[in-house]
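Have a look at the structure below, then the notes.
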Amino acid sequence: MAKAPWLTIIGLGEDGPDGLPPASHCALERAEIIIGAPRHLSLLPNSKAKHVEWVVPFQDGIAILLNLRGRKVVMLTSGDPFWFGAGSVIARHLDRSEWRTLPGVSTFSLAAAHLGWPLEQTPCFGLHAAPLARLRPHLAPGWRAIVLLRDGAAVSGLASWLDNLGFGATVLHVMEALGGARARTRTTLVAGFEPGDIVHPVCVGLEVKGTGPVVGLATGRADVLFENDGQITKRPVRALTLSALAPRYGEHLWDIGGGSGSVAIEWLLSHPSTRATVIEARDERVVRIRRNADHLGVDRLHLVTGEAPAILTGLTAHDLPDAVFIGGGLSDGLLAWLAENLTKGTRLVANSVTLESTALLGEWQARLGGTLLKIELAHSSPLGSKRTWKPSLPLVQWSVVL
């Protein structure tokens with residue numbers, strides 16, 4: 001017979017054990033130890049079990065929990081432990097046979113029910129410890145979302161951030177302690193937001209309105225979104241480059257010679273599961289790339305300062321890429337290193353402008369195959385009282401699957 005789990009993770013509502021299913025009441029009655037945040041423990045004043053407060057920061061509490069292995073332990077969380085909750089963090093440290101979960105109603109469900117919004121069509125974000133900029137790629141008039149926040153100060157910060165971006169007309173539904181006797185909802189405009197006495201736990205329903213700049217959904221976003229020193233893969237070429245790189249679910253990109261980071265950032269914007277590492281030799285560009293990534297809500301971008309290919313040796317043991325883009329520092333030695341060290345099936349895209357680098361791509365295309373694409377663009381430009389076409393430097397792009 002399988003051994004019963006020693007840990008039960010219970011999703012507790014704002015009214016404590018009231019309304020919990022029988023299985024949760026049974027687990028609480030049998031528990032030797034109940035561990036959770038002080039707010040959760042205060043909802044069980046008559047419990048006979050020993051109460052252990054979860055420490056801050058959260059990660060430090062995991063060792064305390066693991067030391068209780070073998071005892072009858074209940075861990076208290078809010079709502080659904082596996083929807084922006086602690087459940088997934090705890091589960092990573094235990095065998096599946098060691099724990100069970102008795103989820104409650106999530107704050108997202110309570111908020112959607114209160115607002116009358118279809119939950120399956122409403123994006124949900126947990127920003128307790130994450131930057132507000134993760135909302136940035138989605139901000140557009142008509143967009144709605146439900147956002148969990150840390151406290152009242154975070155709500156105030158959200159309002160100020162939206163206002164500064166030009167979305168001051170956005171409607172905020174500030175919802176506190178949903179599902180309990182302390183529940184309260186207030187609706188206001190971002191531009192007229194007054195912090196007041198917002199209590200934890202708090203979530204916000206957003207109805208975005210305003211004239212702030214919108215980040216497009218397709219690759220080839222506007223160049224103005226990326227701070228740069230002139231070293232940037234321009235919008236039309238970037239769109240063709242991302243098309244050739246063809247990001248897929250969960251894939252990892254190396255962007256060598258990052259410049260402004262625009263290609264890697266757009267790779268990350270393609271799907272939340274994607275990952276990207278930018279290799280850039282110049283310190284000031286590394287700082288600029290980080291600002292661009294943070295501003296556009298892809299703070300998961302990994303930055304490495306150094307020269308390729310020398311710096312790449314330390315990266316191979318850590319995490320090989322599924323695709324590589326060479327936007328700067330193209331050389332025979334770099335291409336040779338990539339061909340020798342990357343795994344079969346890796347997609348490689350390189351852009352060149354100079355005659356020397358174009359000739360190099362021609363040589364490597366003859367060796368490894370793939371396709372060469374010549375990109376010639378022109379933009380309208382004044383010529384006296386009329387207009388004419390002003391051509392950009394022609395660019396050659398090599399795409400190959402190793």
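The values are calculated or read from the model by the stated rules, or taken from the named source; none is laboratory data. Not measured: the values here are computed from a predicted model. Quick reminder, even Gly has a Cβ in these numbers, built from the backbone with ideal geometry, and neighbours come from all protein chains shown.
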Checking 137, 195, 213 in turn, the sole residue that is of a type outside the set (Asp, Glu), within 23 Å of residue 268 (Cβ to Cβ) and either part of a loop (DSSP other than H, G, I, E, B) or in the same structural domain as residue 77 (by TED's automatic domain parsing) (or both) turns out to be 213
Count of the range 260-312 residues which are surrounded by 15 or more Cβ atoms within 10 Å (Cβ to Cβ), among the acidic types (Asp, Glu) and in contact (Cβ under 8 Å) with a residue 60 or more places away in the chain
1
Out of (1) of a type in the set (Val, Ile, Thr); (2) surrounded by 18 or more Cβ atoms within 10 Å (Cβ to Cβ); (3) not assigned by TED's automatic domain parsing to the domain that holds residue 13, the one residue 77 does not meet is (3)
What is the one condition in (1) more than 27 Å from residue 287 (Cα to Cα); (2) surrounded by fewer than 19 Cβ atoms within 10 Å (Cβ to Cβ); (3) touching a Pro at 6+ places or on another chain (Cβ under 9 Å) that residue 353 does not satisfy?
(1)
Looking at the range 18-47, which of its residues are charged (D, E, K, R) and modelled with pLDDT under 90?
18, 39
Scanning the range 45-61 for residues that are surrounded by 17 or more Cβ atoms within 10 Å (Cβ to Cβ) and aliphatic (A, V, I, L, M) gives 49, 52
Of the numbered conditions (1) of a type in the set (Phe, Trp, Tyr); (2) in contact (Cβ under 8 Å) with a residue 40 or more places away in the chain; (3) under 17 Å from residue 214 (Cα atoms), residue 117 satisfies every one except a single condition; which is it?
(3)
If I filter the range 265-288 for residues that are part of a strand (DSSP E or B) and among the charged types (D, E, K, R), do I get at least one hit?
yes
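Looking at the range 156-168, can you tell me whether even one residue there is of a type in the set (Asp, Glu), outside any loop (DSSP other than H, G, I, E, B) and modelled with pLDDT of 95 or more?
yes
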Against the definition (assigned by TED's automatic domain parsing to the domain that holds residue 296, surrounded by 15 or more Cβ atoms within 10 Å (Cβ to Cβ) and acidic (Asp, Glu)), how does residue 255 come out, yes or no?
yes
May I ask you to list pairs of residues, at least six apart or on different chains, whose Cβ atoms are under 6 Å apart, with the first in the range 133-151 being farther than 17 Å from residue 106 by Cα and the second being of a type in the set (Asp, Glu)?
133/294; 144/207
Need pairs with beta-carbon distance below 6 Å; first residue free of Cβ contacts under 8 Å to residues at least 60 places away in the same chain and within the range 2-22, second crowded, with 16+ Cβ neighbours inside 10 Å; sequence gap 6+ or separate chains.
16/43
Any chance you could count how many residues in the range 140-155 are within 20 Å of residue 84 (Cα to Cα) and not in a helix (DSSP H, G or I)?
8
Any residue in the range 172-183 that is over 21 Å from the mean Cα position of the chain (by Cα), within 30 Å of residue 12 (Cα to Cα), surrounded by fewer than 18 Cβ atoms within 10 Å (Cβ to Cβ) and of a type in the set (D, E, K, R)?
yes
Collect the residues in the range 91-108 that are assigned to a loop (DSSP other than H, G, I, E, B) and either in contact with a Gly (Cβ under 8 Å, 6 or more places away or on another chain) or outside the structural domain of residue 69 (by TED's automatic domain parsing) (or both), keeping them in residue-number order.
103, 104, 105, 106
Test for residue 327: is it under 30 Å from residue 127 (Cα atoms) and either without any contact (Cβ under 8 Å) to a residue 40 or more places away in the chain or in contact with a helix residue (DSSP H, G or I) (Cβ under 9 Å, 6 or more places away or on another chain) (or both)
no
In this structure, does residue 111 turn out to be in a helix (DSSP H, G or I), touching a residue at least 60 places away in the same chain (Cβ under 8 Å) and touching a Cys at 6+ places or on another chain (Cβ under 9 Å)?
yes
